[in-house]
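Have a look at the structure below, then the notes.
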Ligand SMILES: Cc1cc2nc3c(=O)[nH]c(=O)nc-3n(C[C@H](O)[C@H](O)[C@H](O)COP(=O)(O)OP(=O)(O)OC[C@H]3O[C@@H](n4cnc5c(N)ncnc54)[C@H](O)[C@@H]3O)c2cc1C
């Protein structure tokens, strides 16, 4: 049985108190939300924090305001089950409800949160293993080792961003509110990520995600499709998040296509978006856009299923997502 390493458990009641604790405890402390990513990682010794700052008791993190007409504020502490079943999200931001519903299992979604999902640690075949396994292969650079076992000649880590809600929130052009020792700031969700498997987030250690801000729906439709080995539960091997706005005559006014689980951050397919803007979703346009977007997916030996299969299936999933949006 894998056991947790020792740690101190702190239970703040407010965001300010939680930030103060993070500052006092220093770099060795970590926030704990549902714990469905962090606690297994601690059991595998990927993290050995001296203290966990539990966020479950902070009422502000569970706040939910607004509507698709006015825009919404979703507290980082709302659970994935709640998110997937919120009528406002199901109707106004469908891709987000679909992504939340596709995360792991019902039990884990009942405690796993939106904030924890957004800040999921990057994943890799050579990293998400027990300490014993990683020791036997000499560790990798993400934890305790020197080189990247996916690309030994590379100076960087290629662990993947595997959070289902992350590409969706980028496609929805959502913003995230961060609260830290220096005060509060709001940034686009896309700016929360950096292309670095070891340090995938731009937020500072003392900053907490307090909420996610969604713009008014204003005619935008969205979809999320996920490739995974087991339909019942599994991390994504590809996530396709598309948000688009059509005119009454079917011409696409604006679109955002974002791929998940293909790099250390959600990848925006800007060239493919440009091909679609100003055009109708005809079979020819869909084909061209799917092929262009799939070029942004460059799978490596860092996830399940073969590289060749993951490469082949990328345009198929993008095409399917566009076809679904075309039919609506
Ligand atoms: C078997 C299994 C299958 C899974 N399948 C999937 C899947 O298909 N898709 C998927 O996306 N995930 C999957 N997960 C991972 C996990 O369940 C989800 O990502 C979940 O949403 C994580 O949320 P949490 O609240 O449990 O986060 P936690 O584990 O509590 O935290 C995750 C990280 O975020 C930080 N954090 C949490 N909240 C905040 C905050 N408000 N501010 C600052 N930092 C914060 C923590 O310090 C930690 O670093 C799976 C996990 C398991 C065990």
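No lab work stands behind these numbers, since they all come straight from the coordinates. Here the structure is a predicted model, which means the values were calculated and not measured. Cβ coordinates were reconstructed from backbone atoms using ideal geometry, including for glycine residues, and neighbour counts include every protein chain displayed.
Just a few scattered comments:
- Approximate spin-label separation residue 323-residue 282, in nm, with each point projected 7 Å along Cα-to-Cβ: 1.9
- Counting only DSSP beta bridges with both residues in the chain, the antiparallel share comes to about 85 percent.
- Gaussian network model of the chain, springs between alpha carbon atoms under 10 Å - residue of 159, 171, 54 with greatest fluctuation: 54
- Using a cutoff of 8 angstrom between alpha carbon atoms and counting only pairs six or more residues apart, the relative contact order for region 1-99 works out to 26 percent.
- Cβ-based exposure ranking for 113, 105, 217, in which fewest neighbours within 10 Å come first: 105, 217, 113
- In the chain, the calculated helix contribution to ellipticity at 222 nm averages -8500 deg cm²/dmol per residue, counting -39,500 (n - 2.57) for every DSSP H run with n ≥ 4.
- Between 0 and 90 degrees, the angle of helix 15-25 with respect to the longest Cα principal axis of the chain falls at about 50 degrees.
- Contact order normalised by residue count of the chain, Cα under 8 Å, 6+ apart, percent: 16
- Only Cα pairs under 8 Å and 6+ residues apart enter the sum, and on that basis the relative contact order of region 189-299 stands at 19 percent.
- Counting only DSSP beta bridges whose two residues both lie in region 19-161, roughly 60 percent are antiparallel.
- Cα long-axis angle, helix 283-294 against the chain (0 to 90 degrees, to the nearest 10): 20
- Computed from Cα positions, the angle between helix 307-327 and the longest principal axis of the chain comes to roughly 60 degrees.
- Note on 254, 211: ascending count of other Cβ atoms within 10 Å places them as 254, 211, the fewest first.
- Cα-based shape type of the chain, given that a ≥ b ≥ c are square roots of the gyration tensor eigenvalues and the cut on a/c is 1.5: oblate
- Cα centroids of region 117-172 and region 1-80: 21 Å apart.
- The ranking of 224, 317, 9 from fewest to most other beta carbons within 10 Å of each one's beta carbon is 9, 317, 224.
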